Amino acid sequence: QPSHRLTWLYIWGVPLKAWDVEHFATLVSGCGEFIELDEETKERKRMDVARVLVRTTEKPNIARSLLAIVDGMSHQLEMREEMGFH
């Protein structure tokens, strides 16, 4: 029985000022360990959603709403696990 699994999380609503590895690692810390960003997220090719790989012990279908404070402003974020095949 594995103790963890790897999965991709999508995060919507991340402000530009928080678009870096350190902030993404903090955002996903409540559900797993940050592993890496996908290439489009890292290179800022698509800024409407971030895709982050995490190591987690949580059951499949992670879904969370988060409130992030960046430079004194509140931002509502949505986090969903990638499900299915590509």
Under Karplus coefficients 6.51, -1.76 and 1.60, residue-wise ³J(HN,Hα) of the range 22-39 in Hz, glycine/proline x: 4, 5, 5, 4, 5, 4, 8, 4, x, 10, x, 9, 4, 10, 6, 9, 6, 4
List the residues, sorted by chain then number, that are 5 or more residues from Glu36 or on another chain and whose placed amide H is less than 5 Å from its amide H. Leu53
For Lys17, the lysines lying under 17 Å Cα to Cα, once residues fewer than eight places off in the same chain are dropped, come out as Lys42, Lys45
Placing +1 on the Cβ of each Lys and Arg and -1 on the Cβ of each Asp and Glu in the chain, which of Val54, Leu66, Gly84 has its Cα farthest towards the positive end of the resulting dipole? Gly84
Residue by residue through the range 77-83, which ³J(HN,Hα) values in whole Hz follow from phi under the Karplus form 6.51 cos²θ - 1.76 cosθ + 1.60 (θ = phi - 60°), with glycine and proline marked x? 10, 10, 10, 9, 6, 6, 10
222 nm mean residue ellipticity, helices alone, for the chain (DSSP H n ≥ 4; -39,500 (n - 2.57); rounded to 500): -3000 deg cm²/dmol
Relative to the compact-globule estimate 2.2 N^0.38 Å (N residues), the Cα gyration radius of the chain stands at a ratio of 1.06
Amide H neighbours of Val70 under 5 Å, counting only residues 5+ apart in sequence or on other chains, H built in-plane at 1.01 Å? His75
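Every number in this text was worked out from the coordinates using simple rules, so none of it is lab data. Since the model is a prediction, treat every value here as computed from it, not as a measurement. Please note: Cβ atoms are built from the backbone with ideal geometry, for glycine as well, and neighbour counts cover all protein chains shown.
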